[in-house]
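Novice: This is the structure I want to talk about, given as structure tokens.
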Amino acid sequence: MATKEITLPIERRNRTGTTSAHALRAAGKVPAVLYGHGTDPMHLAFEARAFEDILHHGGGHGVITLLIEGKKGDMAMVREISRSPISRRIDHVDLQRVTAHEAVHAKVPVVTSGIAPGVKEFGGVMDVLVHEIEIEAPIDEIPQNFEINVGELGIHQHILAGDIALPKGFKLLTAADAIVVSVEPSKTARQLEEAETTLTAAPEQPEVIGKPEASA
């Protein structure tokens, strides 16, 4: 199921530069640039709180319809977000202009469902090693996330990126052999397993009976 339409009110920026950007941030807004499709970059701004809300609901991976004075304008995707290294406040955003049905590259989050038998029955630990996969797909069909059922994973079992069923017309760009989710023994169980392996592999020492005779 494709992500529902997400809209973001924006305003055009007539001034650029550090001073203007600081003034926007002080007013609770985010400076941004919209580019793509061979047109000149458009400098714009939007409310920081509205954009953070979009990111919170997964809109950072999908299509955003930009609203100018209440009217629908360009469709865009988030390409880069710059944050302050200290406050983590969004300092700047790059948006890429897109059109309906256009095939684009996108990173889609991975979520798991079900309970792995290796965890429930054998005390293993499940690790999600890849939190999003990269695909090429029609922009209006990109889902909010890909759900992976882990209900059959036992100890020492995993799911690869290539195991994820993609809709028709989707192309996987992440390496197919990348391990997305794995179930392994807990640390304690792993230590016991390694100890047993060491004991099994250790060669038996021959038993010496009696005292060897001294040489003449």
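The values are calculated or read from the model by the stated rules, or taken from the named source; none is laboratory data. Owing to the predicted nature of the structure, the values given are computational and were not obtained by experimental measurement. Note that each Cβ is placed from the backbone with ideal geometry, even for glycine, and that neighbours are counted across all protein chains shown. Note: accessible area is taken over every heavy atom of the protein model, side chains too, but ligands, DNA and RNA are not part of it. Shrake-Rupley method; radii C 1.70, N 1.55, O 1.52, S 1.80 Å.
Novice: Mind listing whichever residues of segment 4-44 are part of a loop (DSSP other than H, G, I, E, B), open to solvent by 40 Å² or more (accessible area, probe 1.4 Å) and on the phi < 0 side of the Ramachandran plot?
Specialist: Answer for segment 4-44, where residues must be part of a loop (DSSP other than H, G, I, E, B), open to solvent by 40 Å² or more (accessible area, probe 1.4 Å) and on the phi < 0 side of the Ramachandran plot: Lys4, Glu5, Asn14, Arg15, Thr16, Ala27.
Novice: From (1) open to solvent by 40 Å² or more (accessible area, probe 1.4 Å); (2) under 23 Å from Glu132 (Cβ atoms); (3) modelled with pLDDT under 90, pick out the condition that doesn't hold for Thr99.
Specialist: The one condition Thr99 does not meet is (2).
Novice: Scanning segment 49-65 for residues that are open to solvent by less than 10 Å² (accessible area, probe 1.4 Å) and under 18 Å from the mean Cα position of the chain (by Cα), which turns out nearest to Leu24 (Cα to Cα)?
Specialist: Gly59
Novice: Separate question: Identify, please: which residue in segment 110-125 is surrounded by fewer than 15 Cβ atoms within 10 Å (Cβ to Cβ) and under 20 Å from the mean Cα position of the chain (by Cα) and is, among those, nearest to Ile164 (Cα to Cα)?
Specialist: Val111
Novice: Let me ask something else about it. Considering every residue within segment 67-86, establish whether at least one is open to solvent by less than 30 Å² (accessible area, probe 1.4 Å), farther than 21 Å from Leu173 by Cβ and among the β-branched types (Val, Ile, Thr).
Specialist: Within segment 67-86, not a single residue is open to solvent by less than 30 Å² (accessible area, probe 1.4 Å), farther than 21 Å from Leu173 by Cβ and among the β-branched types (Val, Ile, Thr).
Novice: Could you please find all residues in segment 2-37 being polar (S, T, N, Q) and over 19 Å from Glu102 (Cβ atoms)?
Specialist: Asn14, Thr16, Thr18, Thr19, Ser20
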